[in-house]
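The values are calculated or read from the model by the stated rules, or taken from the named source; none is laboratory data. Source: prediction; values computed, not measured. Cβ: placed from backbone, ideal geometry, glycine included. Neighbour counts: every protein chain shown.
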Amino acid sequence: MISVIIPSYNEEANIGACLESLCRQTVNRDEYEIIVVDGNSKDATREIASRYADLVFIQTSKKVGGARNDGVMRSKGDIVATTDADCIIPPDWVERIGRDFSSDTDMVQLYGPVYPIEGGVKNHVYLALANTFSRLGYYSRTLYYTLGCNTAFRRDAFLAAGMYHCIDAGDDLEIARRMRKIGRVKFDNHLRVGFSMRRYQQFGTLKSLYEWIYIVLHGGESDKCNYTKREYK
């Protein structure tokens, strides 16, 4: 059993497409569960999610990392995977996650690259650079640039590591450092997820990147930047 955890907040325009893609996987539907952890949305997010997910509930912990932790605590799978409510999941995603963990018993965390859902040369260039950065960090063993929208854990190792820290930014980088102390963290170049560039288009890629870096360098939280406090279209 693989448990897929999806945090959400006011995602009525996007979560249906995300969950439909998760329901069209190459493995049988009874081999994985879908859990949506909602931040008390004011729109129809939970109603839409309930048409597809096995479990939908309102989070009790803070921030996105806390929502993922809440989902893991109510999951049934030995493997827990996380993605975002505005992502599109390729049909072989769940199958590939299961195969990778089965073939490497020392692996405790798995992650992969992303590609833009929206068109445009600029979006493809930005994510190509981000994926290159991720690959260089992995193969040089200097930085594990994991993304919460495309990562998976061995559940017992995730719990042993202390789960996600509930911070504004950089929680995916931070947890990878702790997971490395327990076992192998692996990058699978074929484990791809469709990533929405809407927030970067709305607020500016360079500004969003600057704010993310600033928050990470200040321990994951800052009152100066609004990187995770905005309302997205």
Checklist entry - Which one is surrounded by the fewest Cβ atoms within 10 Å (Cβ to Cβ) among residues in the range 135-166 that are more than 23 Å from S196 (Cβ to Cβ) and charged (D, E, K, R)? => result R141
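Scanning for something without any contact (Cβ under 8 Å) to a residue 40 or more places away in the chain and either part of a loop (DSSP other than H, G, I, E, B) or more than 18 Å from Q109 (Cβ to Cβ) (or both), does the range 82-90 turn up at least one residue? Step through it out loud before you land on a result.
At the first step, the residues of the range 82-90 found to be without any contact (Cβ under 8 Å) to a residue 40 or more places away in the chain are none.
Within the range 82-90, none of the residues are without any contact (Cβ under 8 Å) to a residue 40 or more places away in the chain and either part of a loop (DSSP other than H, G, I, E, B) or more than 18 Å from Q109 (Cβ to Cβ) (or both).
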Next on the checklist: With the requirement that a residue be surrounded by 19 or more Cβ atoms within 10 Å (Cβ to Cβ), in contact (Cβ under 8 Å) with a residue 60 or more places away in the chain and not hydroxyl-bearing (S, T, Y), what does the range 29-68 give you?
Outcome noted: K63, V64, G65, G66, A67, R68
Checklist entry - When you look at V36, is it in contact with a Gly (Cβ under 9 Å, 6 or more places away or on another chain) and modelled with pLDDT under 95, yes or no? => result no
Checklist entry - Across the range 151-166, what is the total count of residues that are in contact with a Gly (Cβ under 8 Å, 6 or more places away or on another chain) and small (G, A, S)? => result 1
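Just wondering, is there one or more residues in the range 125-134 that are within 21 Å of P7 (Cα to Cα) and buried (at least 21 other Cβ atoms within 10 Å of the Cβ)? Spell out how you get there, then give the answer.
Start the filter on the range 125-134 by keeping residues that are within 21 Å of P7 (Cα to Cα), which leaves none.
The answer is no; no qualifying residue exists.
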Item to check | Residues (closer than 18 Å to A152 by Cα and touching a strand residue (DSSP E or B) at 6+ places or on another chain (Cβ under 8 Å)) located in the range 24-52 | outcome: Q25, E31, Y32, E33, I34, I35, V36, V37
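Those residues that are without any contact (Cβ under 8 Å) to a residue 60 or more places away in the chain and either within 15 Å of V80 (Cβ to Cβ) or of a type in the set (F, W, Y) (or both), I need them from the range 91-101; list them, please. Steps first, answer last, please.
Start the filter on the range 91-101 by keeping residues that are without any contact (Cβ under 8 Å) to a residue 60 or more places away in the chain, which leaves 99, 101.
Listed by number, the list holds a single entry, F101.
Where residues in the range 159-183 are assigned to a helix (DSSP H, G or I) and basic (K, R), which of them is nearest to S102 (Cα to Cα)?
We begin by selecting, within the range 159-183, every residue assigned to a helix (DSSP H, G or I); these are 159-161, 171-180.
Now restrict to residues that are basic (K, R): 177-178, 180.
Values: R177: 22, R178: 22, R180: 18 Å.
Top of the filtered list is R180.
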Next on the checklist: I'm trying to understand the selection: among the residues of the range 87-107, which are farther than 18 Å from V36 by Cα and buried (at least 18 other Cβ atoms within 10 Å of the Cβ)?
Outcome noted: P90, R96, I97, G98, D100, F101, M107
